[in-house]
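A.B. asks: After the structure tokens below, expect a handful of questions from me.
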Amino acid sequence: MSDRRPLMPKATAVWLVENSGLAFDQIAEFCGLHPLEVKGIADGDVAQGIKGMDPVNNGQLTRDEIARGEKDHGYKLKLAESKVELPVQAQTRKGPRYTPVSRRHDRPNAVLWLLRNHSELKDSQLMRLVGTTKPTIAQIRDRTHWNSAQLTPQDPVTLGLCSQIDLDAEVAKAARRVDRDNKESGKGSGDRAGTLMATADTTAKPAAPVSTNTAEILAPKVADAAPEETPEQEQARVLARLKGMSGGKDDEPGA
């Protein structure tokens, strides 16, 4: 994403969603928002009550640039050069996010959602995202909050308390911290308890048992090595067997 962004990016995104055929990714790239946030604007879940601001009238975007982006959804919109030099905006101090008065009653629901879906986040991160206080977070976690029975988990992005980009950044930061702690404590090395076996190990056919009986081992070899009988030898063998079955009566005199 480029460092240059239009003034009032969310209001600009509202206008572009309502008055252009640009893709969500193009609007998100131009305004510095997350594509899901732009999709929420189109669905009416995000930026409710925000009036769209025309970027063409204020000289931040041209009609030709919008038409070019509508023809090619892979094209990245370029912010028009401003004829007025704007002062560099001072970096704001990191701290709890300011929450409008109309949204403050939704903060406990957002905290409950974050505690259930992203338990790896620190209290300081929850405070930055939602703009609440540490005692409130502790009360919601311990279910000692005065309104615990009525709280319902709600996505803070949908409530408009934070942006999807800020939430993703805090989650990624927490994930890196957890991985680092696991490596330092040695949990990341070795076999972990409860790990599933590999598919190749579970689906492999068992090897055929090896026989230890000498007769079974030698029998196939002896049978394979036996020479083929001639017709005369086969006839003599049959006659000898028949004589044995008759008990040799044919050889007795006077039979």
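A.B. asks: Quick check on this structure: which one of Asp166, Asp142 is modelled with pLDDT of 90 or more, more than 30 Å from Asp43 (Cβ to Cβ) and among the acidic types (Asp, Glu)? If you could, list the steps in order and put the result at the bottom.
C.D. replies: Details: Asp166 fails: more than 30 Å from Asp43 (Cβ to Cβ).
Every option except Asp142 fails the conditions.
A.B. asks: Right, here's the next one. If we keep just the residues of segment 152-162 that are modelled with pLDDT of 90 or more and among the polar types (S, T, N, Q), which is surrounded by the fewest Cβ atoms within 10 Å (Cβ to Cβ)?
C.D. replies: Out of the qualifying residues, it is Thr152.
A.B. asks: Right, something else. Taking Lys39 and the conditions (1) within 23 Å of the chain's Cα centre (by Cα); (2) buried (at least 19 other Cβ atoms within 10 Å of the Cβ), which numbered condition does it fall short on, given that it satisfies the others?
C.D. replies: (2)
A.B. asks: Let me ask another. Please enumerate the residues belonging to segment 14-42 that are in contact with a Pro (Cβ under 8 Å, 6 or more places away or on another chain) and touching a residue at least 24 places away in the same chain (Cβ under 8 Å).
C.D. replies: Trp15, Leu16, Asp25, Phe30, Cys31, Gly32, Leu33, listed by residue number.
A.B. asks: Another question, if that's okay. Just for segment 54-98: of the residues that are β-branched (Val, Ile, Thr) and at pLDDT 85 or above, which one is surrounded by the most Cβ atoms within 10 Å (Cβ to Cβ)? Steps first, please.
C.D. replies: Narrowing segment 54-98 to residues β-branched (Val, Ile, Thr): 56, 62, 66, 84, 88, 92.
Keeping just the survivors that are at pLDDT 85 or above gives 56, 62, 66.
Numbers: Val56: 15, Thr62: 14, Ile66: 20.
Filtering first and then ranking leaves Ile66.
A.B. asks: Please go through segment 109-131 and give me each residue that is out of contact with any Pro (no Cβ under 7 Å at 6 or more places or on another chain) and not aliphatic (A, V, I, L, M), ordered by number.
C.D. replies: Passing the criteria: Asn117, His118, Ser119, Glu120, Lys122, Asp123, Ser124, Gln125.
A.B. asks: Moving on. Do the conditions hold for Arg107, that is, is it among the charged types (D, E, K, R), surrounded by 12 or more Cβ atoms within 10 Å (Cβ to Cβ) and modelled with pLDDT under 90?
C.D. replies: Details: among the charged types (D, E, K, R): yes; surrounded by 12 or more Cβ atoms within 10 Å (Cβ to Cβ): yes; modelled with pLDDT under 90: no.
The answer is no for Arg107.
A.B. asks: Filter the helices (runs of 4 or more DSSP H) completely within segment 7-70 down to those with at least 2 residues that are touching a strand residue (DSSP E or B) at 6+ places or on another chain (Cβ under 6 Å) and among the hydrophobic types (A, V, I, L, M, F, W, C).
C.D. replies: none
A.B. asks: Can you say whether Gln125 is in contact (Cβ under 8 Å) with a residue 60 or more places away in the chain and surrounded by 15 or more Cβ atoms within 10 Å (Cβ to Cβ), as far as the supplied structure shows?
C.D. replies: Working: in contact (Cβ under 8 Å) with a residue 60 or more places away in the chain: no; surrounded by 15 or more Cβ atoms within 10 Å (Cβ to Cβ): yes.
Here the answer is no, as Gln125 does not meet what is asked.
The values are calculated or read from the model by the stated rules, or taken from the named source; none is laboratory data. Please read all numbers here as calculations on a predicted model, not as lab measurements. Neighbour counts are summed over all protein chains in view; Cβ atoms, including those assigned to glycine, are modelled from backbone coordinates with ideal geometry.
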